Amino acid sequence: MADGGGEPDQLAGERATAQFDVDGMKVAWAGSRHAVEVADRMARLVASDPVFRKDTRTMLSRKELFKDTLKKAAHAWKRIVELRLTEEEANLLRLYVDQPGYVDLHWGMFVPAIKGQGTEEQQKKWLPMAYKFQIIGCYAQTELGHGSNVQGLETTATFDPSADEFVMHSPTLTSSKWWPGGLGKASTHAVVYARLITEGKDYGIHGFIVQLRSLDDHSPLPGVTLGDIGGKFGSGAYNSMDNGVLRFDHVRIPRDQMLMRLSQVTREGKYVHSDVPKQLLYGTMVYVRQTIVADASKALSRAVCIAVRYSAIRKQFGSQDGGPETQVLNYKTQQSRLFPLLASAYAYRFVGQWLKWLYTDVTQKLEAKDYSTLPEAHACTAGLKSVTTSATADAIEECRKLCGGHGYLNSSGLPELFAVYVPACTYEGDNVVLLLQVSVVLHLVARFLMKTVAQVATGKQPVGTIAYMGNIQHLMQCKSAVNTAEDWLNPAAIKEVFEARALRMAVNCAQNISKAPSQEEGFSELSPDLLEAAVAHVQLIIVTKFIEKLQEDIPGPGVKEQLQKLCSIYALHLLHKHLGDFLSTGCITARQGALANELLGKLYAQVRPNAVALVDAFDYTDHYLGSVLGRYDGDVYPALYEEAWKDPLNETVVPDGYQEHLRPLLKQQLKLSRL
Ligand SMILES: CCCCCCCCCCCCCCCC(=O)SCCNC(=O)CCNC(=O)[C@H](O)C(C)(C)COP(=O)(O)OP(=O)(O)OC[C@H]1O[C@@H](n2cnc3c(N)ncnc32)[C@H](O)[C@@H]1OP(=O)(O)O
Ligand SMILES: Cc1cc2nc3c(=O)[nH]c(=O)nc-3n(C[C@H](O)[C@H](O)[C@H](O)COP(=O)(O)OP(=O)(O)OC[C@H]3O[C@@H](n4cnc5c(N)ncnc54)[C@H](O)[C@@H]3O)c2cc1C
């Protein structure tokens with residue numbers, strides 16, 4: 001359309017300049033051709049169903065929004081049953097419905113908690129009911145007074161041998177369960193984490209299945225106080241979720257509703273711990289953190305898709321001699337802000353795929369009673385969850401700014417995406433608290449290696465993602481051989497400096513901690529540095545997994561070449577951003593840092609003709625994107641214009657309140673001016 005400067009054909013032109021096979025890239029992104037096909041089918045199913053419309057969501061009141069969420073969840077379930085969808089299809093359908101709600105916690109945490117911590121008998125009893133939605137469950141761990149410090153939870157589950165029951169109780173205000181999604185209004189049951197007390201002894205935190213509401217009329221059971229904790233950040237957004245408060249007043253549950261895979265309480269009240277490690281109590285969190293890493297690439301790629309397409313449509317300023325205005329995507333500043341985010345979306349996608357593999361592998365080992373890889377799974381999920389969610393939340397906000405003023409409109413989709421996404425930095429483990437968990441591991445390894453550096457070749461070698469630390473003798477003294485900008489294209493050159501930076505930062509921390517009066521004091525004093533060392537380690541994992549992905553067979557003309565460029569951009573933009581780390585640890589020289597930056601500029605220019613096609617490869621429908629700026633056809637301006645008229649303020653020409661507040665004011669000013 002020529003009217004008013006909007007040029008949808010602009011995107012067709014952009015697509016024509018792509019130097020790779022977009023279908024091949026879709027397969028690389030999704031993981032397989034089958035995955036592309038299923039995702040595409042489910043996305044279209046949702047997009048074509050009027051019940052799943054979400055374009056007026058930010059204009060709904062909280063009550064309307066919550067009811068709309070209940071309607072969508074019930075309709076999604078109806079479609080899943082009618083169409084006999086597989087688990088894979090059903091998960092995707094729910095993803096594309098794209099409205100946070102109780103079902104996320106039911107499938108994402110309640111069911112996994114029972115699977116991971118329940119005995120076979122308990123699974124047989126509870127899972128079929130949960131699978132058929134005869135009960136709705138949530139995950140009630142966090143309390144008003146304690147979230148991060150799980151060991152500090154106060155809710156009690158006291159065993160009463162005379163009745164063969166546990167008595168669930170909230171002894172203080174701060175012990176009220178506070179935050180669990182789905183708890184406020186929807187759930188009939190919860191896995192509740194409470195201190196187990198039997199024979200007068202406190203055995204710490206354990207999980208219990210507790211019924212909260214009547215299955216006849218949904219009213220809270222006697223002794224149970226329930227409610228929603230109130231409105232949250234942003235319009236629409238996470239307000240569709242009923243995060244709740246729960247208090248118990250001596251509520252009784254049968255003994256067999258304690259989740260007993262890890263430990264049991266016998267009929268007589270004896271506490272018995274099985275040979276399963278206690279840390280498996282935290283297994284549900286490991287599972288969800290892994291899914292959150294995979295979700296980071298989805299949220300980031302949505303924001304980037306909107307910003308890239310809109311930047312190709314938006315034009316500002318012409319050439320000096322009055323020529324046509326320039327697409328903002330052509331500005332080098334726009335490219336240097338946007339293309340690292342595009343590269344990060346791909347990087348997180350591939351590290352998410354790897355983490356899923358790691359999680360599956362660990363689960364299989366656990367089933368065979370091999371618990372050796374559990375610490376690696378914990379450190380990787382905690383660290384990657386922290387780094388990818390923090391970067392994604394920042395990136396969504398950056399994409400909003402990249403879209404100028406229009407990015408601030410709800411119709412751009414970006415404010416809501418940010419508001420829904422940003423709590424990921426807090427839930428499932430505050431990002432700083434999780435990084436400190438990673439730094440504990442790094443510190444222990446670094447300390448061990450420093451002590452044993454002389455015998456490291458013969459000693460016990462670190463394995464998995466910390467294997468590089470075993471190469472301490474080389475990494476502590478190596479100097480990068482990079483001599484030209486193009487030398488930075490060599491993955492081995494990148495890997496070496498990222499490994500050296502991460503190891504040297506960990507060793508520096510360990511050395512400084514060893515100088516403190518006690519390890520605890522040293523750890524506390526050095527914790528800001530430990531966080532940075534943990535970030536360096538996690539960034540190394542992401543870079544390494546991207547490089548490893550490129551060693552696979554990746555079919556499709558030009559696909560691997562584009563991914564190689566994105567991998568270099570991902571790594572080098574981190575090097576540029578954290579140049580202080582690389583210089584202060586002596587891994588590179590200032591000149592090598594400047595060469596990396598020089599190459600980045602060249603790579604941005606090479607990505608420019610492919611940018612729109614690279615976001616097309618995410619294969620998102622306009623429904624899922626939910627953005628007038630990110631429309632596939634690029635017809636942005638008419639859509640923006642039309643969208644404005646849907647606002648409730650525009651239902652009347654003269655606003656409500658005119659008679660009471662505007663008219664008297666205007667009349668009064670008129671009278672005053674005549675005096
Ligand atoms: C359709 C499908 C959709 C799916 C879609 C998904 C749903 C997507 C929707 C999202 C919707 C929002 C969902 C939010 C849901 C919540 O937010 S649920 C609440 C989550 N809460 C948290 O994450 C709390 C964070 N805190 C913690 O995890 C732990 O308490 C901390 C910080 C790790 C510290 O724990 P601690 O007991 O003080 O432990 P600590 O002494 O440090 O460690 C004890 C040992 O356990 C180890 N350890 C600690 N944690 C772990 C672990 N997790 N694993 C293994 N070992 C561990 C430690 O390394 C340590 O080992 P050793 O050194 O002894 O060998
Ligand atoms: C949208 C949303 C959904 C949620 N859903 C659920 C749910 O379904 N079920 C559930 O049980 N919970 C849920 N939660 C709760 C969530 O898991 C907790 O909020 C989270 O674990 C953080 O704990 P906290 O709130 O106690 O933060 P705090 O620990 O109080 O954090 C406050 C500040 O203290 C810092 N801090 C804390 N400890 C340390 C330390 N040791 N060293 C240095 N700094 C520290 C943190 O970095 C942070 O800056 C949800 C939360 C949100 C926001």
Largest first and rounded to whole Å, the semi-axes √(5λ) derived from the alpha carbon gyration tensor of the range 282-352 read 37, 9, 6
Can you give the charge dipole size of the range 137-275 about its Cα centre, rounded to the nearest 20 debye, using +1 on the beta carbon of Lys and Arg and -1 on the beta carbon of Asp and Glu? 240 debye
Mind checking the per residue accessible area of the chain for me, 1.4 Å probe, whole number of Å²? 45 Å²
Sort the following peptides by mean Cβ neighbour count (other Cβ atoms within 10 Å, averaged over residues), highest first: 266-278, 207-219. 207-219, 266-278
Once the Cα gyration tensor of the range 182-232 is found, what semi-axes does its equivalent ellipsoid get, as square roots of 5 times the eigenvalues, in whole Å, sorted largest first? 25, 14, 9
The farthest towards the positive end of the charge dipole of the chain, of the residues GLY13, TYR359, VAL51, given +1 on Cβ of Lys and Arg and -1 on Cβ of Asp and Glu, is TYR359
Mean separation of Cα contacts under 8 Å (6+ apart) over length of the chain, as relative contact order %: 17 percent
Provide the FRET efficiency to the nearest 0.05 for the TYR271-GLN551 pair, computing r from the beta carbons and using R0 = 60 Å. 0.75
Rg and Dmax of the range 1-132, Cα atoms, in Å? 19.8, 67
Among PHE523, ALA312, LEU70, which residue has its Cα positioned farthest towards the positive end of the charge dipole of the chain, with +1 placed on the Cβ of Lys and Arg, -1 on the Cβ of Asp and Glu, and the dipole taken about the Cα centre? PHE523
Of the options GLY101, CYS380, THR198, report the single residue whose Cα projects farthest towards the positive end of the charge dipole of the chain (beta-carbon charges: Lys, Arg +1; Asp, Glu -1). THR198
Length-normalised contact order of the range 277-385, Cα under 8 Å, at least 6 apart, in percent, tallies to 37 percent
Starting from the Cα gyration tensor of the range 120-208, take the square roots of the eigenvalues, sort them a ≥ b ≥ c, and report rounded, prolate or oblate (rounded when a/c is under 1.5, otherwise prolate if a/b is larger than b/c, else oblate). oblate
Percent accessible area from carbon and sulfur atoms, the chain, protein chains only, probe 1.4 Å: 56 percent
Based on Cβ point charges of +1 for Lys and Arg and -1 for Asp and Glu, what charge dipole magnitude is obtained for the chain about its Cα centre, in debye rounded to the nearest 20? 460 debye
Residues meeting the amide H criterion for ARG252 (H placed from the backbone, H to H distance under 5 Å, 5 or more places apart or on another chain) are MET168
Going highest first, how would you order 592-602, 646-656 by mean Cβ packing within 10 Å? 592-602, 646-656
Using only the alpha-carbon atoms, what does the chain span along each of its principal axes? Please give whole angstrom values in decreasing order. 91, 80, 64
What three numbers, in Å, describe the spread of the alpha carbons of the range 137-275 along their principal axes, ordered from the longest? 52, 36, 28
List PHE66, PHE110, PHE448, ordered by accessible area with a 1.4 Å probe, largest first: PHE448, PHE66, PHE110
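Expressed as a fraction of 2.2 N^0.38 Å, the rule-of-thumb size for a compact globular protein of N residues, what is the C-alpha radius of gyration of the range 347-416?
In units of the globular-protein estimate, the range 347-416 measures up at 1.61.
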Could you tell me what fraction of 2.2 N^0.38 Å the Cα radius of gyration of the range 389-477 comes to, as a two-decimal ratio? 1.72
How large is the helix-only mean residue ellipticity at 222 nm for the chain, computed as the sum of -39500 (n - 2.57) over DSSP H runs with n ≥ 4, divided by its residue count, in deg cm²/dmol to the nearest 500? -16500 deg cm²/dmol
For the range 429-562, rounded, prolate or oblate, judged on the Cα gyration tensor with a ≥ b ≥ c (square roots of eigenvalues), a/c < 1.5 rounded, else prolate if a/b > b/c? prolate
Cut-off 13 Å between beta-carbons: net charge of the residues surrounding VAL251, Lys and Arg +1, Asp and Glu -1: +1
Order of 615-628, 15-28 by packing, highest average Cβ count within 10 Å first? 615-628, 15-28
Taking the Cα centre of the range 284-367 as origin, work out the dipole magnitude from +1 charges on Lys and Arg Cβ and -1 charges on Asp and Glu Cβ, in debye rounded to 20. 80 debye
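The values are calculated or read from the model by the stated rules, or taken from the named source; none is laboratory data. Model, not experiment: these values are computed from the prediction. Note: ideal-geometry Cβ built from the backbone for every residue, glycine included; neighbour counts use all protein chains shown. All accessible areas refer to the heavy atoms of the entire protein, side chains included, with ligands and DNA or RNA removed. Shrake-Rupley method; radii C 1.70, N 1.55, O 1.52, S 1.80 Å.
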